[in-house]
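Everything on this sheet refers to the single structure shown next.
Where a number appears in this text, it was derived from the coordinates with a stated rule and is not lab data. It should be emphasised that the depicted structure is a prediction, and the values quoted were computed from it without experimental measurement. Quick reminder, even Gly has a Cβ in these numbers, built from the backbone with ideal geometry, and neighbours come from all protein chains shown.
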Amino acid sequence: MKEDAVMLNHEKIHLRQQIEMLVVLFYIWYGLEFFIRWIQYNNKHTAYRNISFEREAYANECNFQYIKQRRFWSFLKFI
């Protein structure tokens, strides 16, 4: 998997999100948003893909400059 640059970039975006939210808050928010989206869409996969953190990471995983230009709490644009 180390050779999959897109996947690594996706995960780097998540690492930045976690750092911004002091890790614990990230996972609390992630879990709550997943639960809300699951109720909203009645589908686990659709709920997962619509979590703001995932939407930001998927939207920018092919942009290898994104981490350098990303602003603080950018995931809020994807709520």
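Side notes on the structure shown:
- Candidate set: region 34-79, residues that are among the charged types (D, E, K, R) and more than 22 Å from N9 (Cβ to Cβ); chosen: the one nearest to the chain's Cα centre (by Cα): R37
- Of all residues in region 59-79, those satisfying the criterion of being assigned to a loop (DSSP other than H, G, I, E, B) and charged (D, E, K, R) are E61, R70, R71.
- Looking at F75, F53, F34, just one residue is farther than 25 Å from A5 by Cα, surrounded by 11 or more Cβ atoms within 10 Å (Cβ to Cβ) and in contact (Cβ under 8 Å) with a residue 12 or more places away in the chain, and that residue is F34.
- Region 20-31: number of residues that are assigned to a helix (DSSP H, G or I) and surrounded by fewer than 17 Cβ atoms within 10 Å (Cβ to Cβ): 7
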